[in-house]
């Protein structure tokens, strides 16, 4: 079956250790990434946490502290998934 790999289109960091991503497959994932907080370069504050962006391929999130998570890790950590309503 021919399918394309979904990519991250939007990311927001509404509170410390929480992330929301929207993907090209029309899904929004709400994830708590606190399970990664023992990683050395995990952002230490909300200000650092908000300095996040998708990598150049849209497959991962990267913080200014050089902490990085792959889209699959975000999806696996998601506690809520919803469809994104696209304007017609």
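The values are calculated or read from the model by the stated rules, or taken from the named source; none is laboratory data. Note that the coordinates shown come from a computational prediction; the quantities given were computed from them, not determined experimentally. All Cβ positions, glycine included, derive from the backbone under ideal geometry; neighbour counts span all protein chains shown.
Of the conditions (1) over 10 Å from the mean Cα position of the chain (by Cα); (2) modelled with pLDDT of 95 or more; (3) exposed (fewer than 12 other Cβ atoms within 10 Å of the Cβ), residue 86 fails just one. Which one is it?
(2)
How about the chain: which strands (runs of 3 or more DSSP E) wholly inside it have at least 3 residues that are in contact (Cβ under 8 Å) with a residue 24 or more places away in the chain?
In the chain, 8-12, 18-23, 27-32, 52-54, 78-83 are the strands (runs of 3 or more DSSP E) which contain 3 or more residues that are in contact (Cβ under 8 Å) with a residue 24 or more places away in the chain.
Does the stretch 48-64 contain at least one residue that is farther than 25 Å from residue 86 by Cα and within 10 Å of the chain's Cα centre (by Cα)?
Looking through the stretch 48-64, at least one residue is farther than 25 Å from residue 86 by Cα and within 10 Å of the chain's Cα centre (by Cα).
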